[in-house]
Amino acid sequence: MTEFIDTIHDKTLRAIAEKVAQERPASDADLLHMLTTNDILDLGSMAHHLRTNLHGDHAFYGVNMNLNYTNVCELRCPLCAFSRDEKDADAYTLSLDEMEDKVRDAVSFGIDEVHIVGGLNPLLKLEYFEDMIRRIKEIKPDMFIVGFTAVEYDYFARLNHIPLREVFRRLMDAGVGALPGGGAEVFSPRVRAIIAPKKISGKRWLEVMRTAHEAGLETNATLLYNHIETPEEIADHLSRIRSLQNETHGFKTFVPLVYHDKKTQIPAKRPSTTGFGDIRLYAASRIFLHNVPHLKALWMYVGEKMAQTLLHFGADDIGATYHYEKVVHAAGAPTPDYGSESHLQRLIESARMKPVRTTASYKL
Ligand code: SF4
C-alpha cells in the first residue's frame, strides 16, 4: 500500500490513501472529492485493498426469492413504476395461500431466503404479515426472512396504532431475521420532495433503522442514484449512514441502487449511468463507509457484467437469484428476473474470486 501511495498524483487522493493505510476514516470533504474525481483506478485500488482486508477473495451471493405481496400503495411516489391504486386493473394483493404456493415453488429451486417488500396497502393489518411469515417458516423452518423496508414498518405502526418497537417485536417473534435497506432513496429533502414527496423523511428513515438496530435486527442501507441528486447530496446521505452506524453498528450492507426510470413519473434528468460513474460511486462508498462491512453490487440493477467488475472496485456481494422480483423490473431493468446459482458462481469465479453462498445474515 505504501509504495502504491507514492504513485498517486492527485494530492487529495494521496492524503485519503494515507488515511486508508492508517485505518483512519475519510472525511466528508474527502468523500466529495472521491465522488467527483476522474482517477477511478487509484480510487479503485484503495477500495480493493479495503475490500480484501475485510473479505479476502470471497465474494458473496444468495439463492432467494422476492415476495412483493401487493402493488397497491397509498403513496404512489413519482419514482415508482411498481405501485398501483386499488381500483387499477393490474392491482394485486397476494392471499396467504397464493403467497404460500409461490414460496413452496421457490423452495423446490433450493432457496434459503425470502426477501419481502410491498406497497403501503391500508387493507393489510399486522396480522396478515405475522401469518405470512409464520406460514413461510412452516414451509421451511430455517428460511431466512429479510422483511419490509423502514417505510413499511413506519406505516404498520401508524396503521395499526402500535408503537414501532412493538411492531418489530411482533414481526421478529413471527420470524423476521433482518431488514432490507429500501426507502432510503436520497435523504436530501429537496430530492425527496420531487421523487417521493409523501414518503417518510430521511430523518424518519434513520429513526426507524435506529429502532430496528436497538431491537436487535441487522439491516441494509440503500442509496438510489443517478436521477436528480447532486454529489453533495450523495455525500450527505453516506455521511448520515456512517454516523448512525458509529452509534448502532446495525448496518450490515450498503447497497447503491441505480435508478431505472421507465414508466416512472420522473424520467431521469440525465442519461443512464455509466460504468465509470458506477465504479467511482462504489469505490468511494467502500472507502468512506469503513464501518459497514459489506458493499453489494446487485447484478439485477447494475447488470451482471458490471456487478462482476465491481468486485474489484470495493464490492463483495453481487446479490442473489431473486426469483419473482417485480419492483425494479417494473421500472425497466433489462436483466432477467432471476439468475441461476451456477450463473452467479460463474460470474464470481471468472472474476478470480471464491463464491460464497450466504443470506443477508452473512452466516456461512
Ligand atoms: S416506492 Fe414504495 S412507497 Fe413509494 S409508491 Fe412505490 S411501493 Fe409505494
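The values are calculated or read from the model by the stated rules, or taken from the named source; none is laboratory data. Every value quoted in this text rests on a predicted model; they were computed, and no experiment measured them. Cβ sites come from the backbone with ideal geometry, for glycine too, and all protein chains shown count toward neighbours.
What are the residues in region 157-183 that are among the aliphatic types (A, V, I, L, M) and under 15 Å from residue 252 (Cα atoms), if any? Correct list: 178, 179.
Is it the case that residue 53 is assigned to a loop (DSSP other than H, G, I, E, B), at pLDDT 95 or above, more than 18 Å from residue 238 (Cα to Cα) and of a type outside the set (Lys, Arg)? No.
Looking at region 246-364, the strands (runs of 3 or more DSSP E) lying wholly inside it that each contain 1 or more residues that are at pLDDT 95 or above and more than 22 Å from residue 50 (Cβ to Cβ) sit at 354-357. Yes or no: region 131-148 includes at least one residue that is touching a Gly at 6+ places or on another chain (Cβ under 9 Å) and either over 27 Å from residue 101 (Cα atoms) or within 15 Å of the ligand (Cβ to nearest atom) (or both). Yes, region 131-148 contains a residue that is touching a Gly at 6+ places or on another chain (Cβ under 9 Å) and either over 27 Å from residue 101 (Cα atoms) or within 15 Å of the ligand (Cβ to nearest atom) (or both).
Checked against the criterion of being under 23 Å from residue 210 (Cα atoms), touching a Ser or Thr at 6+ places or on another chain (Cβ under 6 Å) and touching a residue at least 40 places away in the same chain (Cβ under 8 Å), the candidates 249, 294 yield just one match: 294.
Do we find that residue 165 is closer than 13 Å to residue 77 by Cα and either out of contact with any Leu (no Cβ under 6 Å at 6 or more places or on another chain) or surrounded by 22 or more Cβ atoms within 10 Å (Cβ to Cβ) (or both) in this structure? Taking the combined requirement at face value, the residue does not satisfy it. Residues considered: 253, 230, 222. Of these, the only one that is of a type in the set (S, T, N, Q) and within 23 Å of residue 82 (Cα to Cα) is 222. Pairing each residue of region 72-84 that is among the polar types (S, T, N, Q) with any residue that is near the ligand (Cβ under 6 Å from one of its atoms) and assigned to a loop (DSSP other than H, G, I, E, B), provided the two are 6+ apart or on different chains, yields C-beta distances under 6 Å for 83/73; 83/76; 83/119.
Within the span defined as region 107-119, every residue fails to be surrounded by fewer than 12 Cβ atoms within 10 Å (Cβ to Cβ), part of a loop (DSSP other than H, G, I, E, B) and within 16 Å of the ligand (Cβ to nearest atom). Which residue, of 82, 60, is modelled with pLDDT under 95 and either more than 16 Å from the ligand (Cβ to nearest atom) or not in a strand (DSSP E or B) (or both)? Unique residue meeting the criteria: 82. Within the set 91, 59, 81, the sole residue that is touching a Ser or Thr at 6+ places or on another chain (Cβ under 6 Å) and not acidic (Asp, Glu) turns out to be 81. Selection over region 63-87 of residues that are under 18 Å from residue 198 (Cα atoms) and β-branched (Val, Ile, Thr) gives a count of 1. Just one of (1) surrounded by 22 or more Cβ atoms within 10 Å (Cβ to Cβ); (2) under 26 Å from the mean Cα position of the chain (by Cα); (3) part of a helix (DSSP H, G or I) fails for residue 104. It is (1).
Can you spot a residue in region 64-71 that is out of contact with any helix residue (DSSP H, G or I) (no Cβ under 9 Å at 6 or more places or on another chain), aliphatic (A, V, I, L, M), within 16 Å of the ligand (Cβ to nearest atom) and not in a loop (DSSP other than H, G, I, E, B)? Spell out the reasoning first.
Initially, region 64-71 is screened for residues out of contact with any helix residue (DSSP H, G or I) (no Cβ under 9 Å at 6 or more places or on another chain), giving 70.
This time we only want the ones that are aliphatic (A, V, I, L, M), so: none.
No, that holds for no residue.
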